[in-house]
Amino acid sequence: MRIIAGSRKGHRIEAPPGRATRPTGDRVREAAFNLIGPVDGASVLDLYAGSGALGIEALSRGAEAAVFVESDSAACRAIDRNLEKLRLTGARVVCRDVLRFLPTERRQYDLVLLDPPYEMTDYSALARYLPAVLAENGLLVVESDARHEPQLPLELRTSRRYGSARVTLFEH
């Protein structure tokens, strides 16, 4: 995988070993950020971060800070290595289950990136917490299986299919 744009454009990042993580492909990441638009100065929350590709892309494109939340310890180590290799600052990796992290989080974020396992189709547990961590005028980006359009208690901006993936944007 490589960073698509910004200060680290073209740099390669690693994915955690094994099949437990499904990194967001370059094409889908590029399409998502085309829909998101500029992220200069944004605070970013990357949930189910995996390799950290989405949050790292945001940092490369000018986001001020990013918090990566991932429960798999190998994935957390991969994110740390990627951040160190790219010399990206303003990042914090939280190696914890998303549904344990969200109820305790008091900060709000301009951009929330949500890339859960594709088999997750019930977002009701997440729906309780996502509006609270999304800043006013913030944007939530959900990557899901192309056959499933997530339903959340936020205003739908757009939903697009890219091969086997779907990118859905919600506004606060």
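Which condition from (1) closer than 18 Å to Ile36 by Cα; (2) of a type outside the set (Val, Ile, Thr); (3) in contact (Cβ under 8 Å) with a residue 60 or more places away in the chain; (4) exposed (fewer than 14 other Cβ atoms within 10 Å of the Cβ) is the one that Glu155 breaks?
Exception for Glu155: condition (3).
Would you pick out the residues in segment 92-145 that are without any contact (Cβ under 8 Å) to a residue 40 or more places away in the chain, under 16 Å from Ala65 (Cα atoms) and basic (Lys, Arg)?
Arg92, Arg106
Output the residue which, of all residues in segment 78-93 that are of a type in the set (Val, Ile, Thr) and crowded, with 19+ Cβ neighbours inside 10 Å, is nearest to Arg128 (Cα to Cα).
Going through segment 78-93, the residues of a type in the set (Val, Ile, Thr) turn out to be 79, 89, 93.
Pick out the ones that are also crowded, with 19+ Cβ neighbours inside 10 Å and you get 79, 93.
On the way: Ile79: 27, Val93: 23 Å.
Residue satisfying both the conditions and the ranking: Val93.
Can you pull out every residue in segment 1-26 that is outside any loop (DSSP other than H, G, I, E, B) and either at pLDDT 85 or above or crowded, with 16+ Cβ neighbours inside 10 Å (or both)?
Quick first cut of segment 1-26, residues outside any loop (DSSP other than H, G, I, E, B) only: 2, 12, 26.
Scanning segment 1-26 gives a single hit, Arg12.
Please return the ranges of helices (runs of 4 or more DSSP H) entirely within segment 34-119 where 3 or more residues are among the charged types (D, E, K, R) and under 22 Å from Arg2 (Cα atoms). Step through it out loud before you land on a result.
Working: elements: 53-60, 73-86, 98-101.
Here the list reads 73-86.
I need the full set of residues from segment 35-64 which are over 23 Å from Arg157 (Cα atoms) and more than 12 Å from the chain's Cα centre (by Cα), in order please.
Matches in segment 35-64: Ser60, Glu64.
Kindly check whether there is at least one residue in segment 65-79 that is of a type in the set (Asp, Glu), at pLDDT 95 or above and either closer than 21 Å to Leu156 by Cα or over 12 Å from the mean Cα position of the chain (by Cα) (or both).
Initial filter on segment 65-79 (of a type in the set (Asp, Glu)): 70, 72.
Then drop every residue that is not at pLDDT 95 or above, which leaves 70.
From the residues that got through so far, the ones that are either closer than 21 Å to Leu156 by Cα or over 12 Å from the mean Cα position of the chain (by Cα) (or both) too are none.
Taking every residue of segment 65-79 in turn, none turns out to be of a type in the set (Asp, Glu), at pLDDT 95 or above and either closer than 21 Å to Leu156 by Cα or over 12 Å from the mean Cα position of the chain (by Cα) (or both).
Taking Glu136 as the residue in question, decide whether it is of a type outside the set (Lys, Arg), farther than 19 Å from Ala53 by Cβ and in a loop (DSSP other than H, G, I, E, B). If you could, list the steps in order and put the result at the bottom.
On the way: of a type outside the set (Lys, Arg): yes; farther than 19 Å from Ala53 by Cβ: yes; in a loop (DSSP other than H, G, I, E, B): no.
Against the criterion (of a type outside the set (Lys, Arg), farther than 19 Å from Ala53 by Cβ and in a loop (DSSP other than H, G, I, E, B)), Glu136 does not qualify.
Look through Ser43, Ser124 and report the one residue that is surrounded by 20 or more Cβ atoms within 10 Å (Cβ to Cβ), closer than 20 Å to Glu171 by Cα and not acidic (Asp, Glu). Working first, answer last.
Numbers: Ser124 fails: surrounded by 20 or more Cβ atoms within 10 Å (Cβ to Cβ).
Sole residue among the options that is surrounded by 20 or more Cβ atoms within 10 Å (Cβ to Cβ), closer than 20 Å to Glu171 by Cα and not acidic (Asp, Glu): Ser43.
The values are calculated or read from the model by the stated rules, or taken from the named source; none is laboratory data. Treat the numbers as computed from the prediction; the structure is a model and nothing was measured. Every residue, glycine among them, receives a Cβ derived from its backbone with ideal geometry; neighbour counts consider all protein chains shown.
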